[in-house]
Structure formats: structure tokens, C-alpha cells
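Let me begin by presenting the structure, written as C-alpha cells, before commenting on it.
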């Protein structure tokens with residue numbers, strides 16, 4: 001049975017086909033990718049060169065958002081859903097660098113991601129907690145149930161969906177996922193969310209090309225759709241904007257085809 005399990009697990013993380021997390025890792029300049037991932041990534045970049053900029057700007061948005069929550073909003077608990085492959089400056093490293101007692105729960109159900117999570121997602125401070133939950137974001141109640149083992153649901157939680165909900169084809173399902181998680185966290189919690197936006201011909205060509213490579217399709221959203229994810233929440237200035245323009249700390253002109261925001265639950 002153990003050999004069977006290992007064989008099944010190996011099949012799941014096979015390098016023979018393009019893998020969403022590894023393609024994204026490649027665009028970000030990481031090393032955890034294979035030839036099939038690089039071929040798919042290059043095919044998308046050929047028709048949509050800005051994808052590399054988007055990938056890097058997405059990490060900068062995450063860094064700024066977590067810094068804001070930990071340093072300015074006083075949040076010391078984070079639920080990062082759809083973690084992806086660990087790279088530089090992950091959520092726990094940023095948060096615990098500001099608040100040594102920060103507690104972070106990463107959520108993913110990708111076996112490759114979980115292998116890396118076990119190896120790399122370690123506490124950076126003695127007083128903090130860093131752990132992961134093996135769950136699918138289509139099961140918010142399971143995520144919340146497991147997160148209760150680490151997070152205090154009487155205190156604010158920073159809920160994060162960082163570029164992952166584009167893999168959900170049905171927008172109503174996407175909204176249901178976000179709302180069910182936000183319904184479960186207390187007042188004073190925050191939603192941090194970004195996704196690729198249907199704001200140009202080139203990005204649409206890139207999305208189509210990604211599907212052609214055999215990778216998991218990514219469904220772009222209109223900015224007004226992404227705004228619905230924040231309904232009933234109090235937006236943090238500047239609201240929903242291209243991710244490169246969310247509190248960049250300097251004048252930034254990049255109108256990336258990805259929109260994001262941070263908003264507080266009243």
C-alpha cells in the first residue's frame with residue numbers, strides 16, 4: 001500500500017505536463033519548474049509579454065498588502081488560500097518580520113505545493129505559528145474548520161486570495177467561495193484579493209494560449225466583477241485598482257491586467 005501511495009503521489013507531481021503553480025514560478029523567475037512549464041510559460045509570454053511583469057507585480061502587491069495589515073491595521077492572523085509554490089518573501093516571513101507573534105495558515109490541495117510547503121514554510125520567529133491545510137478552496141467550511149485549530153476566530157483575520165480564483169470557471173461559484181469565508185471571520189477582518197482582468201486583447205490571447213498548452217485554464221474577470229467580491233466591505237484606499245498601483249510607495253505607471261484591493265469587514 002505504501003508503494004502504491006508513493007506511485008500515485010509521484011504521478012500527481014509528474015513533470016511531463018505543464019503545471020499551473022510551476023508556470024507561475026517560472027514567470028516569477030523561480031527555479032521550481034520543468035521544461036513543460038517553461039514551454040507553456042513562453043507560449044503565453046510570446047502573445048502577452050506583460051505576464052512576466054504581472055507575476056512579479058503580484059508578489060509586490062502581496063508584500064505591500066501584508067505589510068499594511070500587520071503594521072497599520074494591527075492584524076496578526078492570516079489565512080492565505082491557494083498558496084502556490086513558496087517563493088521569496090512569503091506571507092509568514094513578511095508578517096512575522098513585523099509582528100513576531102503572527103499566525104499564518106496556508107491552504108492548498110496541490111501535492112507539489114504541499115511538498116514545498118512542508119520543507120519551506122517554517123516559522124521565522126519563536127512566538128509565531130506557520131502551518132498549512134490540505135484543502136480545496138471549493139470547500140470553505142473545511143478550510144475554516146481546520147483553521148480554527150490555529151487561528152482565533154474572535155480576533156481579526158487577513159483572508160487572502162492571491163490570483164488563484166481565476167481557475168474557477170463559474171463566477172457565481174467564485175463569489176460563493178469568497179463570501180462563505182468572509183462570513184466565517186469576525187468583524188475587523190480583511191479581504192485581500194487580486195485576479196487577472198479582462199482588460200485588453202493581448203491578455204485574452206494569453207489566456208487562450210495557456211489553455212492551448214494543456215495547462216489548467218485561467219478565466220479572466222472584468223474589474224466590475226472583481227469589485228463584487230468586496231461587496232459589503234470597507235475598501236482601503238485606493239480601492240480596487242491595477243495591482244501595481246495599490247499603494248506602491250512611488251509613482252507607478254504600469255496598468256497591469258490584474259486588479260486587486262484590500263477591504264475591511266465592518
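Worth a mention:
- Residue match in region 94-106 (condition: in contact (Cβ under 8 Å) with a residue 24 or more places away in the chain, assigned to a loop (DSSP other than H, G, I, E, B) and farther than 28 Å from residue 244 by Cα): yes
- Search result, residues across region 155-178 that are under 26 Å from residue 90 (Cβ atoms) and either outside any helix (DSSP H, G or I) or out of contact with any helix residue (DSSP H, G or I) (no Cβ under 8 Å at 6 or more places or on another chain) (or both): 155, 156, 157, 158, 159, 160, 161, 162, 163, 164, 166, 168
- Any chance residue 203 is in contact with a helix residue (DSSP H, G or I) (Cβ under 8 Å, 6 or more places away or on another chain), under 19 Å from residue 45 (Cβ atoms) and modelled with pLDDT under 95: no
- Breaking point among (1) loosely packed, with under 15 Cβ neighbours inside 10 Å; (2) in a helix (DSSP H, G or I), for residue 187: (2)
- Enumeration of residues in region 220-253 that are under 21 Å from residue 210 (Cβ atoms) and assigned to a loop (DSSP other than H, G, I, E, B): 220, 222
- Among the candidates 216, 115, 178, residue that is under 23 Å from residue 260 (Cα atoms), modelled with pLDDT under 95 and out of contact with any strand residue (DSSP E or B) (no Cβ under 6 Å at 6 or more places or on another chain): 216
- Top-ranked residue of region 190-206 - restricted to ones that are free of Cβ contacts under 8 Å to residues at least 60 places away in the same chain and part of a helix (DSSP H, G or I), ranked as nearest to residue 66 (Cα to Cα): 204
- For residue 223: the one exception among (1) closer than 30 Å to residue 71 by Cα; (2) in contact (Cβ under 8 Å) with a residue 40 or more places away in the chain; (3) out of contact with any helix residue (DSSP H, G or I) (no Cβ under 9 Å at 6 or more places or on another chain); (4) surrounded by fewer than 18 Cβ atoms within 10 Å (Cβ to Cβ): (2)
The values are calculated or read from the model by the stated rules, or taken from the named source; none is laboratory data. A quick note: this is a predicted structure, and the numbers were derived from the prediction, not measured. Glycine gets a Cβ as well: all are built from the backbone with ideal geometry, and neighbour counts include every protein chain shown.
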